Amino acid sequence: MIEFEQVTKRYDDDHTALRQVNFRLERGEMAFLTGHSGAGKSTLLKLIMLMERPSAGRVIVGGQLLNKMPRRQIPYIRRHVGVVFQNHQLLFDRTVFDNVAMPLEVVGTPSRDIGRRVRAALDKVGLLSKERMNPMQLSGGEQQRVGIARAVVNKPPVLLADEPTGNLDPALSADIMHLFAQFSQVGVTVLIASHDIALINDMNRRTLTLNEGQLIAGAVPSDQEPDHGY
Amino acid sequence: MATKPPLTPNSSNPRPSASRGAKRSRSPVRQLLESYLSHHRKVAKDSARRLWRAPVASLMTWTVMGVALALPVGLLLLLTSLQGVSAGWESAARVTVYLEESVTADQAAGLRLDVGTRADVAEVELIDKSAALAEFRQTSGLKEALDYLNDNPLPHTLLVTPSDESRTEAGMQSLVTALTDTRGVAQVQVDLGWLQRLNAITELLGRGVWALAVLLAVAVILVIGNTIRLAIESRRDEILVAKLVGGTDAFVRRPFLYTGLWFGLGGGIVALFLLQITLWYLSGPVERLAGLYRSNFSLNGLSFEGVIALITVSILFGWLGAWLAVKRHLDSVEPG
């Protein structure tokens, strides 16, 4: 589902964020992406959601080569990639419901389907009773779950998360991770960038480790981890 | 919901994709069109509500736009009215023929018949010298002075209306020459000088108004553009999220284009309002002035078509301003 072939990303100021990264995530696979800050985690995620373009190599998502994807096609790729942000990027000028509905409105889902699917997503993250509230009224963990509901409401085949538990306490973090594991069980490819080593170890999943832009571990799924969620 | 749109939306049409494309292509085209239209309705309503929620700011923008539109439109109306005056006179251009003092009333009547038979003459009116004096006495205010005169100093006069086909410069020229050469004619006068001057002035004014209109149109577009730019700035987060979840450029632009459209509509209405007030304010004095000049001149308001045109142009300007701002600022808001 996600494939990197010899991917290098160099920024204008000669800073190399990624060096010849190779890996491949299958459908329904859940993996962590870890490394020190500045190791290239965010850059790698940005390449998948087309916020950046690789300097060299090939990035393939859902069978589509993203390198030369014309600008006007970018929205159609992003509709297949759900993203959860550390700062959750919620809009405080509208209700929880309207926040979660955004990806559906973007693709022109009929309004009767929007209601049904938004409630299904909110139910999944346990916030069905708060759909009419403003996200500002919610706790940090709840806000993050709204962000997750928004990322999955469109049933994307790929789910990315950038430090989704960065601001949460361990119990809440574990909850969120189990939520991600559930999505991978229904066939969603999940890639989570995190530096919470304890949590990653608890989850016992494939872990891609970046160091100064190079993938130093997890490039190939190891045999000790058969549980990929198929 | 029963409306059938003439256009196929290309912005919300999900591109068939290798990954899970089948899920979405199952929804029929009709359903997509419906949701496309309902999104338009929603965005239109939402952007109108946003303007409504900031009434003072919106009203100020509307007023700026209204003033900028009302000024050239008002001047154009004035100009049209002036052109109506000169057009009325031009079509009724007449030649005044003063007869020699020795010509008697009978001879004058004979001359009137002679001139009336000419092919290039439509009508001839004879103003008897005594009638002329009576009128002069009435209107000049020189009643007492005239009483001192023993004789009537005024000659008999023929008012010659040229036929339609001779109302060209050459035709008038030959008519004037022929009349001048007629026995008993003292002087022939075609007083179109002031009309030519009026025409020259209206033409100059017309150009001035159009130049002003173009300048103000540019100003309107820039004002709306700048207002929309601020709106884009204040909704930056929303734009980012919309782009992140796969909103196309058209989707992201739509609310701002509708905002421009509403600004245009409001501006047009304010302009109309200002024009009506001004017209009402001026109509009294204008009538008096026109009365003094014995003119049928009157300031005309906008016709129904004019109102529609003003509103349409205003909406168009609002949309155009928004489009420019969106083109320049929105595309640069990119997640990353």
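Of these, B:S298, B:S303, B:S283, which one is polar (S, T, N, Q), free of Cβ contacts under 8 Å to residues at least 12 places away in the same chain and assigned by TED's automatic domain parsing to the domain that holds B:L78?
Details: B:S298 fails: free of Cβ contacts under 8 Å to residues at least 12 places away in the same chain; B:S283 fails: free of Cβ contacts under 8 Å to residues at least 12 places away in the same chain.
Result of the check over B:S298, B:S303, B:S283: B:S303.
Tell me, yes or no, whether segment B:242-251 has at least one residue that is in the same structural domain as B:L76 (by TED's automatic domain parsing), within 15 Å of B:W62 (Cβ to Cβ) and in contact with a helix residue (DSSP H, G or I) (Cβ under 6 Å, 6 or more places away or on another chain).
Start the filter on segment B:242-251 by keeping residues that are in the same structural domain as B:L76 (by TED's automatic domain parsing), which leaves B:242-251.
Those still in the list that are within 15 Å of B:W62 (Cβ to Cβ) too: none.
No; the residues of segment B:242-251 include none that is in the same structural domain as B:L76 (by TED's automatic domain parsing), within 15 Å of B:W62 (Cβ to Cβ) and in contact with a helix residue (DSSP H, G or I) (Cβ under 6 Å, 6 or more places away or on another chain).
Away from every other protein chain (no Cβ under 13 Å) and surrounded by 15 or more Cβ atoms within 10 Å (Cβ to Cβ), is that true of A:R145? Explain how you work it out, then say what you get.
Numbers: away from every other protein chain (no Cβ under 13 Å): yes; surrounded by 15 or more Cβ atoms within 10 Å (Cβ to Cβ): yes.
Here the answer is yes, as A:R145 does meet what is asked.
Here's the yes/no breakdown for (1) in a helix (DSSP H, G or I); (2) over 17 Å from the mean Cα position of the chain (by Cα):
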residue: B:G247; (1), (2): no, yes
residue: B:F251; (1), (2): yes, yes
residue: B:R254; (1), (2): yes, yes
residue: B:V270; (1), (2): yes, no
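Whether any residue in segment A:207-215 is under 27 Å from A:E105 (Cα atoms) and not β-branched (V, I, T) is what I want to check. So that I can check it myself, show each step before the final result.
Start the filter on segment A:207-215 by keeping residues that are under 27 Å from A:E105 (Cα atoms), which leaves none.
The answer is no, given that none of the residues of segment A:207-215 is under 27 Å from A:E105 (Cα atoms) and not β-branched (V, I, T).
Within segment B:115-146, count every residue that is in a loop (DSSP other than H, G, I, E, B), surrounded by fewer than 16 Cβ atoms within 10 Å (Cβ to Cβ) and either in contact with a strand residue (DSSP E or B) (Cβ under 8 Å, 6 or more places away or on another chain) or of a type outside the set (G, A, S) (or both). Give the derivation first.
From segment B:115-146, those in a loop (DSSP other than H, G, I, E, B) are B:117-120, B:128, B:141-142; that's our starting set.
This time we only want the ones that are surrounded by fewer than 16 Cβ atoms within 10 Å (Cβ to Cβ), so: B:117, B:119, B:128, B:141-142.
Narrowing the set further to residues that are either in contact with a strand residue (DSSP E or B) (Cβ under 8 Å, 6 or more places away or on another chain) or of a type outside the set (G, A, S) (or both) leaves B:117, B:128, B:142.
So the answer is 3.
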Which one of B:T278, B:T312 is touching a residue at least 60 places away in the same chain (Cβ under 8 Å), among the polar types (S, T, N, Q) and either out of contact with any strand residue (DSSP E or B) (no Cβ under 6 Å at 6 or more places or on another chain) or surrounded by 14 or more Cβ atoms within 10 Å (Cβ to Cβ) (or both)?
B:T278
Do we find that A:D93 is within 10 Å of another protein chain (Cβ to nearest Cβ), surrounded by fewer than 16 Cβ atoms within 10 Å (Cβ to Cβ) and closer than 14 Å to A:V153 by Cα in this structure?
no
Which ones in segment A:53-81 are buried (at least 20 other Cβ atoms within 10 Å of the Cβ) and within 11 Å of another protein chain (Cβ to nearest Cβ)?
A:V61, A:G62, A:P75, A:I77, A:R78, A:R79, A:H80, A:V81
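Which one of A:R112, A:R117 is within 14 Å of chain B (Cβ to nearest Cβ) and out of contact with any helix residue (DSSP H, G or I) (no Cβ under 8 Å at 6 or more places or on another chain)? Full working, then the answer.
Values: A:R117 fails: out of contact with any helix residue (DSSP H, G or I) (no Cβ under 8 Å at 6 or more places or on another chain).
Result: A:R112 is the single residue among A:R112, A:R117 that is within 14 Å of chain B (Cβ to nearest Cβ) and out of contact with any helix residue (DSSP H, G or I) (no Cβ under 8 Å at 6 or more places or on another chain).
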Members of segment B:79-114 found to be out of contact with any Gly (no Cβ under 9 Å at 6 or more places or on another chain), buried (at least 18 other Cβ atoms within 10 Å of the Cβ), modelled with pLDDT of 85 or more and hydrophobic (A, V, I, L, M, F, W, C), listed by number:
B:V97
Selection from segment B:222-245 of residues more than 20 Å from A:V83 (Cα to Cα), assigned to a helix (DSSP H, G or I), within 14 Å of chain A (Cβ to nearest Cβ) and free of Cβ contacts under 8 Å to residues at least 24 places away in the same chain yields B:S234
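Conditions tested, residue by residue: (1) at pLDDT 90 or above; (2) within 14 Å of chain B (Cβ to nearest Cβ); (3) surrounded by fewer than 21 Cβ atoms within 10 Å (Cβ to Cβ); (4) within 21 Å of the chain's Cα centre (by Cα).
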residue	(1), (2), (3), (4)
A:G108	no, yes, no, no
A:S129	yes, no, yes, no
A:R150	yes, yes, no, yes
A:L160	yes, yes, no, yes
A:I176 aliphatic (A, V, I, L, M), part of a helix (DSSP H, G or I) and touching a strand residue (DSSP E or B) at 6+ places or on another chain (Cβ under 8 Å)
no
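The values are calculated or read from the model by the stated rules, or taken from the named source; none is laboratory data. In this text, all values refer to a predicted model and were calculated from it rather than measured experimentally. Here the Cβ is made from the backbone with ideal geometry for all residues, glycine too, and neighbour counts use every protein chain on show.
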